[in-house]
Amino acid sequence: MDWTTEQKRAELLRQPWTVLVTKEDGELVARVKELQGVIGTGSNERELQADLMASLSAVIETMLACGDPIPMPLGRIVPWEKGASPVGARRNLVFRGHGALFEELRASAGPALQYAVR
């Protein structure tokens with residue numbers, strides 16, 4: 001089965017991206033380590049998550065539309081290049097950092113996002 005652009009986008013959103021979170025000028029700032037240009041900001045965890053997911057989706061859509069190579073998380077390969085079939089929806093982001101901020105993020109994680117503090 002061939003992958004549609006939407007199936008590719010959905011699969012890429014499910015990958016275990018490494019998200020680095022910092023606090024800058026009183027705002028939370030999240031960046032996806034593997035994908036330059038993916039950045040989210042917010043004054044709280046909910047705003048940060050929403051902005052980060054919007055940015056991640058926009059960057060992935062642009063890369064797919066332009067045919068750009070997509071740098072995958074460590075140990076992952078682009079699934080449609082290895083002959084895999086599309087699967088159902090889930091999201092898996094890995095947040096890395098230090099201190100109470102990351103404990104708060106992990107504690108506030110919704111069922112759609114998985115956090116790992118390392």
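The values are calculated or read from the model by the stated rules, or taken from the named source; none is laboratory data. Being a predicted model, the structure only gives us computed values, none of them experimental. Using ideal geometry, Cβ is built from the backbone for each residue, glycine included, and neighbour counts are taken over all protein chains shown.
Structure above, values below:
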| read-out | value |
| --- | --- |
| Check on ALA65, hydrophobic (A, V, I, L, M, F, W, C) and modelled with pLDDT of 95 or more | yes |
| Residue in segment 33-81 that is farthest from ALA10 (Cα to Cα), counting only those that are in contact (Cβ under 8 Å) with a residue 60 or more places away in the chain and not in a loop (DSSP other than H, G, I, E, B) | GLU45 |
| Segment 2-20, residues that are assigned to a strand (DSSP E or B) and either within 24 Å of PRO79 (Cα to Cα) or modelled with pLDDT of 95 or more (or both) | PRO16, TRP17, THR18, VAL19 |
